[in-house]
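Trainee: Just passing along the structure, written as structure tokens.
The values are calculated or read from the model by the stated rules, or taken from the named source; none is laboratory data. A quick note: this is a predicted structure, and the numbers were derived from the prediction, not measured. Quick reminder, even Gly has a Cβ in these numbers, built from the backbone with ideal geometry, and neighbours come from all protein chains shown. The area values use the complete protein model at the heavy-atom level, side chains included, leaving out ligands, DNA and RNA. Shrake-Rupley method; radii C 1.70, N 1.55, O 1.52, S 1.80 Å.
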Amino acid sequence: MTDPSLTGRSDAGRSDAGRSDAGRADTGLDGVDLDRVWIGVAAQVWRREPGWLERLAGRLLRSPALARALLTTPSLLLPWLIASIAVLAAGAAATLGTGQPVAPLLAPAVAAAGIAYAYGPGIDPAWELARSMAVSDRMVLLVRALAVFAVDAALGIVACAASGAALGITFGWLIPMTAVSALALAAATVARSANVGVAAGLGGWAITILGGQAATGKFTVAVQGSVLVLPYLVFAAACLAAVLYASRVSKGTS
Amino acid sequence: MNIEITDLTRRFGRTKAVAGVDLEAGPGVFGLLGPNGAGKTTLLRVMATVLPPTSGRLRLLDRDPGAYGPRREIRRRLGYLPQNLGYYPGFTVCEFVEYFALLKDMPAARVPAAVAAAVERVDLGVKAKAKLRTLSGGMLRRVGIAQAIVNEPELLLLDEPTAGLDPEQRVQFRALLRDLGQRATVVVSTHLVEDVGAACTEVALMDQGKVVFHGTPGELTARGTDGGTGDAPLERGYTAVLAQARLAQAQS
């Protein structure tokens, strides 16, 4: 714990810089603030160059902080993406083999899990610290959730197209996916646990599929029944309202 | 005054973690002492704008943290070290400090130099590129302090900052605190009275959610002359005040 303004130097990199005043005079360094010079050097040496994706996100979001937060989303990291692709690829293969729209049925579940793990006290270790930051945690949550949703929607479309599912079915699941993702996000935010979010999303989706099957005898009604579009949208809006309420900072009295 | 607290209460269900606290603090190092469960961490979280108060008045840096705009301004000027610092194991020291510098809304161009200065101030230059998962507990604590001071905060809130530091590091840390306290309001929550004696200009002692003493370390020491237990004079003052507060509580 060394304060450069109070002491000489601490580490090897600066030991030369901190040598005696006599040494400075010999080398014509009188009046040079070597601590300041070292900080400048260290800033250059330790600086992390953002990749093209982070630079692009920073420009689009007009915030380098949000860009960095976006790229550290747990469910956008490579292992998670590989797992999502594997699940949807298996769904596409099952669709090809059975003729049932398995990929559209799997896509909302994958997105729900990803969104529950996008942010929050259950998964973000520095959550308490992040809550005290100027860039609001709600913005971080929003940006990450939208990004995960967009990525999973794109993967789902590819999986459905690859498995030859009809375009009507392909786009029919996007609205259920919105509702299931919103449910997962709301449960994770209210319960402050990503696992609760995943359980709520997957449980809710399973109940919807099984309920449709019980009522009509078809699993696929959950993604094919146009009568469900409005209830899905209303449900998604209610869940998003719950997220906004749970992530507010109440005014208290001041 | 950088901190103005009037009759502040914070409840968790039926539990009153902070029960009607009044406090004012300007620049300097302010020690928040008290036994476990006294309400220090909750009060610090309220001051860090992590938790809203249940009731009472709170003003930080002459602003109202209840409103969005002023709260954002406060957070730009705030440094906070939570009791349990969560960290991203795959980040390096510099990446971690940089991430929070960005989240504090610092101009991106200023961030690399600010990160280097903060990392140097906590003497972690040799570990600047090390992953956090490879660091010891004391080093992680210093990483936490680095992220707290990276924006040169006007209000610095530190919850148990010396936990895990070795004696030499604690001495250096107190020097850093005194330096920071010349410009900013530094609130240090601790149960180590020697940290308070060495670094703080003012001290408040909390017990059962209330402030039971507010004064200088010298005044706290003086309270121990006719009672109290402990090896050091400040410890005797601490225990004497606590005993008096608990007696008064029992009588009421």
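Trainee: Given axes a ≥ b ≥ c from the Cα gyration tensor, I'd like to know whether the protein assembly as shown is rounded (a/c under 1.5), prolate (a/b larger than b/c) or oblate.
Mentor: Oblate.
Trainee: Among B:Leu177, B:Gly230, B:Leu205, whose Cα lies farthest out toward the positive end of the dipole of segment B:97-241, if unit charges sit on the beta carbon of Lys, Arg (+1) and Asp, Glu (-1)?
Mentor: In segment B:97-241, that residue is B:Leu177.
Trainee: If you count only protein heavy atoms with a 1.4 Å probe, what accessible area per residue comes out for the protein assembly as shown, rounded to a whole Å²?
Mentor: 43
Trainee: Can you list which of the trypsin sites (Lys or Arg not before Pro) found in segment B:144-250 are DSSP loop residues with at most 13 other C-beta atoms within 10 Å?
Mentor: Those satisfying the criteria are B:Arg183.
Trainee: What number results when the radius of gyration of segment B:84-152, computed over Cα atoms, is divided by 2.2 N^0.38 Å?
Mentor: So the Cα radius of gyration is 0.97 times the expected 2.2 N^0.38 Å.
Trainee: Quick check: the angle from helix B:111-121's long axis to the longest principal axis of chain B, C-alpha only, nearest 10 degrees?
Mentor: 50
Trainee: How well do other chains shield peptide A:62-70, expressed as the mean number of their Cβ atoms within 10 Å of each residue Cβ?
Mentor: Partner Cβ neighbours, averaged per residue: 4.
Trainee: Follow-up. What average count of beta carbons from other chains do you get within 10 Å of the Cβ of residues in A:130-143?
Mentor: The shielding value for this peptide is 5.
Trainee: Could I ask something else about it? For peptide B:7-16, compute the average count of partner chain beta-carbon atoms within 10 Å of each residue's beta-carbon.
Mentor: 1
Trainee: Still on this structure: Using a simple charge model, +1 on the beta-carbon of Lys and Arg, -1 on the beta-carbon of Asp and Glu, nothing else, what dipole does the protein assembly as shown show about its Cα centre, in debye to the nearest 20?
Mentor: Roughly 1420 debye, rounded to the nearest 20.
Trainee: Further, regarding this structure: For B:Lys127, give me every one of the lysines with a C-alpha distance below 30 angstrom, ignoring sequence neighbours fewer than eight places off in its own chain.
Mentor: B:Lys104
Trainee: Which aspartates and glutamates, on any chain, are close to B:Lys129 with Cα under 16 Å apart, when same-chain ones fewer than 8 places away are left out?
Mentor: A:Asp11, A:Glu49, B:Glu95, B:Glu98, B:Glu120
Trainee: Which residue, B:Gln172, B:Gln83, B:Gln208, has the most motion in a Gaussian network model of chain B that connects Cα atoms within less than 10 Å?
Mentor: For chain B, modelled as a Gaussian network with Cα springs under 10 Å, the answer is B:Gln172.
Trainee: Can you give the charge dipole size of segment B:84-152 about its Cα centre, rounded to the nearest 20 debye, using +1 on the beta carbon of Lys and Arg and -1 on the beta carbon of Asp and Glu?
Mentor: 240
Trainee: Express in Å², to the nearest 10, the accessible area of A:Ile209 obtained by rolling a 1.4 Å probe over the protein heavy atoms while all chains stay in place.
Mentor: Solvent-accessible area, nearest 10 Å²: 20 Å².
Trainee: Rank by packing, highest mean first: peptides B:229-235, B:186-192, A:145-151, with packing defined as the count of other Cβ atoms within 10 Å averaged across residues.
Mentor: Result, highest mean first: B:186-192, A:145-151, B:229-235.
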